[in-house]
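The values are calculated or read from the model by the stated rules, or taken from the named source; none is laboratory data. These numbers come from a predicted model, not from an experiment. All Cβ positions, glycine included, derive from the backbone under ideal geometry; neighbour counts span all protein chains shown.
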Amino acid sequence: MALMPKRVKHRKVHRGRIRGCATRGNSVAFGEWGLQALEPAWISAKTIEAGRIACTRNAPGAKVYIRMFPHKPITSRPAETRMGKGKGEPEFWAAVIKPGTILFELGGCTEDDARKAFNRVAHKMPVRTRLVQRRHV
């Protein structure tokens with residue numbers, strides 16, 4: 001089942017634009033290894049679910065943390081519809097990703113397992129990514 005909010009204040013939102021780099025959610029907080037986005041994008045709930053499945057299958061026994069959530073409803077109009085008649089209906093939910101955001105985290109696995117799993121996940125993501133390690137203070 002794809003992720004989506006239980007309830008929202010507004011059913012439709014403006015598209016907006018993604019500016020700047022992530023100031024929050026840009027460091028590994030829960031696991032040992034993280035997959036960091038290097039480009040801005042919208043990532044749909046289906047894509048997030050595909051990444052989660054790829055991660056759990058390729059790193060068995062590891063704990064997977066999903067660090068993004070699709071809060072933004074993306075609307076579209078039916079094909080071959082005339083201008084006017086208002087905004088389209090919500091088609092899917094997307095997470096707004098800024099450069100530097102940690103998308104997924106893995107805990108309880110080796111670097112090789114994390115690299116293999118995140119390589120599979122990265123192929124499903126619409127952004128360039130890199131593997132990052134948790135900083136121990």
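Can you tell me which residue within segment 62-77, out of those that are over 23 Å from ARG19 (Cβ atoms) and among the aliphatic types (A, V, I, L, M), is surrounded by the fewest Cβ atoms within 10 Å (Cβ to Cβ)?
Once the filter is applied, the top-ranked residue is ILE66.
Only one residue in CYS109, CYS55 is touching a Phe, Trp or Tyr at 6+ places or on another chain (Cβ under 9 Å) and part of a loop (DSSP other than H, G, I, E, B), so which one is that?
CYS109
Give the residues of segment 60-94 that are among the acidic types (Asp, Glu) and more than 20 Å from ARG7 (Cβ to Cβ), sorted by residue number.
The first filter runs over segment 60-94 and keeps only residues among the acidic types (Asp, Glu), leaving 80, 89, 91.
GLU80 - this is the single residue of segment 60-94 that is among the acidic types (Asp, Glu) and more than 20 Å from ARG7 (Cβ to Cβ).
Yes/no per residue for (1) in a loop (DSSP other than H, G, I, E, B); (2) charged (D, E, K, R):
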{"site": "LYS9", "(1), (2)": "yes, yes"}
{"site": "ARG15", "(1), (2)": "yes, yes"}
{"site": "GLY20", "(1), (2)": "yes, no"}
{"site": "ILE74", "(1), (2)": "no, no"}
{"site": "PRO78", "(1), (2)": "yes, no"}
{"site": "THR81", "(1), (2)": "yes, no"}
{"site": "VAL96", "(1), (2)": "no, no"}
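Could you list, in sequence order, the residues of segment 22-37 that are exposed (fewer than 13 other Cβ atoms within 10 Å of the Cβ) and not basic (Lys, Arg)?
THR23, ALA29
Pick from ILE48, ILE43, ILE53: which is within 29 Å of ARG134 (Cα to Cα), without any contact (Cβ under 8 Å) to a residue 12 or more places away in the chain and not aromatic (Phe, Trp, Tyr)?
One residue alone meets the criteria, ILE53.
Since ALA2 meets every condition but one in (1) under 28 Å from ARG134 (Cβ atoms); (2) under 17 Å from the mean Cα position of the chain (by Cα); (3) assigned to a loop (DSSP other than H, G, I, E, B); (4) touching a residue at least 60 places away in the same chain (Cβ under 8 Å), which condition does it not meet?
Condition not satisfied by ALA2: (1).
Taking the stated definitions as given, is GLU91 at negative phi, of a type in the set (D, E, K, R) and either outside any strand (DSSP E or B) or in contact (Cβ under 8 Å) with a residue 40 or more places away in the chain (or both)? Quick ask: steps written out before the conclusion?
Working: at negative phi: yes; of a type in the set (D, E, K, R): yes; either outside any strand (DSSP E or B) or in contact (Cβ under 8 Å) with a residue 40 or more places away in the chain (or both): no.
No: the conditions fail for GLU91.
Results for (1) among the charged types (D, E, K, R); (2) buried (at least 18 other Cβ atoms within 10 Å of the Cβ); (3) out of contact with any His (no Cβ under 8 Å at 6 or more places or on another chain); (4) at pLDDT 95 or above, shown as yes or no for each residue.
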| site | (1), (2), (3), (4) |
| --- | --- |
| ILE53 | no, no, yes, yes |
| PRO60 | no, no, yes, no |
| LEU103 | no, yes, yes, yes |
| ALA117 | no, yes, yes, yes |
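Taking the options GLU80, GLU91, name whichever one is surrounded by fewer than 17 Cβ atoms within 10 Å (Cβ to Cβ), among the charged types (D, E, K, R) and modelled with pLDDT of 95 or more.
Sole residue among the options that is surrounded by fewer than 17 Cβ atoms within 10 Å (Cβ to Cβ), among the charged types (D, E, K, R) and modelled with pLDDT of 95 or more: GLU91.
Any residue in segment 20-32 that is on the phi > 0 side of the Ramachandran plot and touching a residue at least 24 places away in the same chain (Cβ under 8 Å) sitting within a Cβ distance under 9 Å of a residue that is hydrophobic (A, V, I, L, M, F, W, C) and assigned to a loop (DSSP other than H, G, I, E, B)? List the pairs, counting only those 6 or more apart or interchain.
GLY25/MET68
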